[in-house]
């Protein structure tokens, strides 16, 4: 199974910024011939998540990568809502992490927090960021492998894979590069077609729990999570009203 070309770096300001730079220089770069490519780094000096939150890491402790997808190209899944693209990648991350869990941990210990986080036993292990312009989608992925950053209060606190791996043989905690190879293969599996929905629906975080939805820092909705729709919306409240954007937190999480 062939994956997309990879541009590896030891240190960058951010993989997303470098992907944009490669696109801007595509007249001189090999990226001009590709419908998708990866940028991967061992360390970022200016990583970020949604709402410009900083993502701090130490060299070699996290998988830090961005997938660039040319709009209208062969790799473009054709989704009209960026949330679906984030959830496709979330399904790929889920299946990347499962083989490395301690034998005593079930698949249910990993959940997908709409629209862009992966939780392991309720703590954030992965963040996904989707940005788009008229020509490209950029999907940034950060997975805490051997350490985790500090994030602001009011959001699920982080964890890392090293706390949950068996520490022996093939099930030991992988290096970020090894984990990347698994992720890149799983992305090919979920980037097209409807398979992502069953994974996300089965492992949706906080289902039937009261949450608050914030947009630009203001509370816009409250209610119980009922599920997701096939076009990437979060279904909230008794009427299962669809929401296509926002930051979700538990109502009792201050």
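A few points about this structure:
- Computed over the Cα atoms of the chain, pair by distinct pair, the Kirkwood hydrodynamic radius stands at 18.4 angstrom.
- Highest mean packing first, where packing is the average number of other Cβ atoms within 10 Å per residue, the peptides 112-124, 201-213 line up as 112-124, 201-213.
- Helix-only CD estimate at 222 nm, as mean residue ellipticity for the chain, using -39500 (n - 2.57) per DSSP H run (n ≥ 4): -6000 deg cm²/dmol
- Region 210-250 - percent relative contact order, Cα under 8 Å, separation 6 or more: 39 percent
- Expressed as a fraction of 2.2 N^0.38 Å, the C-alpha radius of gyration for region 210-250 is 1.04.
Every number here is computed from the coordinates shown, using simple stated rules; none is lab data. Here the structure is a predicted model, which means the values were calculated and not measured. Cβ sites come from the backbone with ideal geometry, for glycine too, and all protein chains shown count toward neighbours.
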